[in-house]
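Read through the structure below, which is laid out as structure tokens, and then see the notes.
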Amino acid sequence: MITLDDFTLLPIGSRNNFEGTVARCPVCGRNGVVVQPDEAPPYCVHAQASEILCDGMRTDSTDCCRIPEALFP
């Protein structure tokens, strides 16, 4: 089963139990969840698809914006 999470439909400040807090994207202005990987630049996820597999869960960002370091504090 594949599930699509659309963070643009959630209000700013709401908390998603798995992904984080919904914020306004500094690049495009839509709502999303900012992700800060250890070894990569941050990005804002607006929508993602999740699928439960036999050995775990696979999550793929279907709509996201890369955040330039100049825009991220």
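Laboratory data are not the source of any read-out in this text; all were calculated from the coordinates shown. Given the structure is predicted, the values throughout are model-derived calculations rather than measurements. Cβ coordinates were reconstructed from backbone atoms using ideal geometry, including for glycine residues, and neighbour counts include every protein chain displayed.
Assorted remarks:
- Cα point-scatterer Debye curve for the chain, base-10 log of I(q)/I(0) at q = 0.20, 0.24 Å⁻¹: -0.84, -1.11
- Nonlocal amide H pairs with R30, under 5 Å, H built at 1.01 Å: C25
- Between T62 and A47, Q48, A49, the built amide H atoms are under 5 Å apart, and every one of these is 5 or more places off in sequence or on another chain.
- Alpha-carbon spread of the range 2-42, three principal axes, descending order, Å: 28, 26, 18
- Neighbourhood net charge (15 Å Cβ-Cβ; Lys/Arg +1, Asp/Glu -1) for V22: -1
- When the charge dipole of the range 2-66 is built from unit charges on Cβ atoms (+1 for Lys and Arg, -1 for Asp and Glu) and taken about the Cα centre, the candidate among G13, C65, H46 whose Cα reaches farthest toward its positive end is G13.
- Sparsely packed loop sites in the chain (the chymotrypsin sites (Phe, Trp or Tyr not before Pro) outside DSSP H, G, I, E and B with at most 13 other Cβ atoms within 10 Å) comprise F18.
- Considering only alpha-carbon pairs that sit under 8 angstrom and 6 or more positions apart, the relative contact order computed for the chain is 28 percent.
- Radius 15 Å from Cβ of Q36, net charge of other residues (Lys, Arg +1; Asp, Glu -1): -3
- Given R0 = 22 Å, the distance between the Cβ atoms of R66 and I2 translates into a calculated FRET efficiency of 0.35.
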